[in-house]
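The values are calculated or read from the model by the stated rules, or taken from the named source; none is laboratory data. Values in this document were obtained by computation on a predicted structure and should not be read as measured data. Note that each Cβ is placed from the backbone with ideal geometry, even for glycine, and that neighbours are counted across all protein chains shown. Only protein heavy atoms, including side chains, enter the accessible area calculation; ligands, DNA and RNA are left aside. Shrake-Rupley method; radii C 1.70, N 1.55, O 1.52, S 1.80 Å.
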Amino acid sequence: MTKDAVVSEDLAKKFATEKDSPYTRWVRKEGLDIISAHYIPNLHTVELKPWPRRGGNGVYINHEASRTSNDCYVCEIPAGKKLEPQRQLFEEMIYVLDGRGSTSVWNDQGKRVTFEWKAGALFAIPINAWHQHFNGSGKEPARYVAVTNGPVVINLYEDERFVFNTAYDFNNRFQGEPDYFSNKGEQKGLLLDTNFVADAVNLPLISAKERGAGGGHIRFSMAKGSMNSHISQFPVGTYKKAHAHGPGAHVIVMSGEGYSMMWPEGETPKRYEWQEGSMIVPPNLWLHQHFNTGATPARYLAFKHEVVSIRNAQGVPKAWISKRLGGDQIDYADEDQVIRKTFAEALKKRGLKPNMDEAYQAELAQLPPKISKSA
């Protein structure tokens, strides 16, 4: 892993025109901004612009480090309104931030499914299926955040008519099954195979001690797509192990309060405070670490594309594997002691104490030996 590799302005100017792409030009044509940030304090209040083609308001949130793998956008449906129908040759996963409403999904054969949702719901749109979102309230707007692999597809074809108006049903993904968006699923290890979660904020999780500090974890496979996501939760007075992975993970805080640290290896970590509705976007291969400083468990949703998951030969994400074994996760025993001191100070300000001793001891009992630098 290397530092962020900032170069001179003269060298950067030589590649300036290559930062533009069919995707960024398409977003500009849509009349929307791209927020090039890896931290959004509050998705509920982030500023939006009118989105005439969709019939709502929106903004894209897409850090340069992930712009060629996947993207993220926030969309708001005005009170009593609906978005225009759309189909697209890329995948999309949606988390509802505010409000309530419904979505209709249909194919060219006329098979249609309609389901209702409210804040906290999580679902995916089958590739190239027609869909339309409706606000169920006549008084309040509805707002959602979505992640897609649109940049790859738009950059590849550079043809809006093809991407958004190709008449083809992917019958292996969606055939208008009446129960397609029912709140059910098959659990396969950590992976939940489903297309709709009615209340992701309170969804039961599975123990995942490998990420440290107890807590729970669940991963999603939705609409038979290559986009994926997971939910993690960690207890009061605890924090997760620092780790790194590929680009494009959009971490949305679902509950709790705390902060995250992010840094390229070898540089000083930067701190980002979060609460429900905040979003953290770790740049490519930056180390990052999440800390719960609130009085309740903290839960977050990570939207991403499979390219994020750099895996070993056994198929295990290296972000789950100790750096002592060649992975990309820092064990508690190897972290800078400033981490623990800073965490204790943050908790003390809230009248709380760390609950990390059990996690530290459990790790020591099975800690791999350090890799020799001379090996």
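Numbers below:
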{"quantity": "Convex hull volume per residue in cubic angstrom - Cα atoms of the chain", "calculated": "157 Å³"}
{"quantity": "Estimated FRET transfer efficiency (E18, K224; beta-carbon r; R0 30 Å; 0.05)", "calculated": "0.30"}
{"quantity": "Under-5 Å amide H pairs with R100, H placed in peptide plane, nonlocal only", "calculated": "G136, S137"}
{"quantity": "Loop-located trypsin sites (Lys or Arg not before Pro) in the range 105-188, at most 13 other Cβ atoms within 10 Å (DSSP)", "calculated": "K139, K184"}
{"quantity": "Dipole of the range 182-280, positive direction: furthest Cα of Y239, A213, V251, with charges on the beta-carbon", "calculated": "A213"}
{"quantity": "Within straight-line cross-link reach of K81, lysines at Cα separation under 28 Å, skipping those fewer than 8 residues along the same chain", "calculated": "K29, K49, K111, K118, K139"}
{"quantity": "DSSP-assigned coil residues among chymotrypsin sites (Phe, Trp or Tyr not before Pro) in the range 1-109, each with at most 15 further Cβ atoms within 10 Å", "calculated": "F15"}
{"quantity": "Additional length obtainable on full extension of the chain from N155 to A333, 0.36 nm per residue less Cα span", "calculated": "59.7 nm"}
{"quantity": "Per residue, in Å², the accessible surface of the range 252-349 once ligands and nucleic acids are set aside, probe 1.4 Å", "calculated": "41 Å²"}
{"quantity": "Estimated vicinal HN-Hα couplings, Hz - the range 78-85 in sequence order (Karplus 6.51, -1.76, 1.60; Gly, Pro = x)", "calculated": "x, 3, x, 10, 9, 7, 6, x"}
{"quantity": "Stokes-Einstein D in µm²/s, Kirkwood radius over Cα pairs - the range 1-88 at 20 °C with 1.002 mPa s viscosity", "calculated": "142 µm²/s"}
{"quantity": "Percentage of interatomic Cα-Cα distances in the range 76-118 larger than 17 Å", "calculated": "41 percent"}
{"quantity": "FRET efficiency for R112 and K29, using Cβ-Cβ distance with R0 set to 30 Å, rounded to 0.05", "calculated": "0.50"}
{"quantity": "Accessible area per residue in Å² at 1.4 Å probe, computed on the range 67-109", "calculated": "30 Å²"}
{"quantity": "Fraction in percent of alpha-carbon pairs per bin - 10 Å, the range 250-322", "calculated": "18, 45, 32, 5"}
{"quantity": "Cα coordinate range in the range 285-375, projected on the principal axes (Å, largest first)", "calculated": "45, 35, 22"}
{"quantity": "Long-range HN-HN contacts of L287 with modeled amide H, under 5 Å", "calculated": "W263, E265"}
{"quantity": "Protein accessible area in the range 240-316, 1.4 Å probe - carbon and sulfur %", "calculated": "53 percent"}
{"quantity": "Overall Cα dimensions of the range 106-155, principal axis frame, Å, largest first", "calculated": "38, 28, 16"}
{"quantity": "Label-point separation, A295 to K209 (7 Å along Cα→Cβ), nm", "calculated": "3.1 nm"}
{"quantity": "The range 1-80 versus the range 299-375: alpha-carbon centroid distance in Å", "calculated": "30 Å"}
{"quantity": "The range 271-375: GluC sites (Glu not before Pro) in DSSP coil with no more than 13 other Cβ atoms inside 10 Å", "calculated": "none"}
{"quantity": "Computed magnitude of the charge dipole of the chain (debye, nearest 20; Cβ of K, R +1, Cβ of D, E -1)", "calculated": "340 debye"}
{"quantity": "Relative intensity, log₁₀ I(q)/I(0), of the range 44-172 from a Debye sum that treats every alpha carbon as a point, q = 0.09, 0.21 Å⁻¹", "calculated": "-0.25, -1.37"}
{"quantity": "Rg/Rh (Cα only; Kirkwood hydrodynamic radius) as it applies to the range 140-283", "calculated": "1.00"}
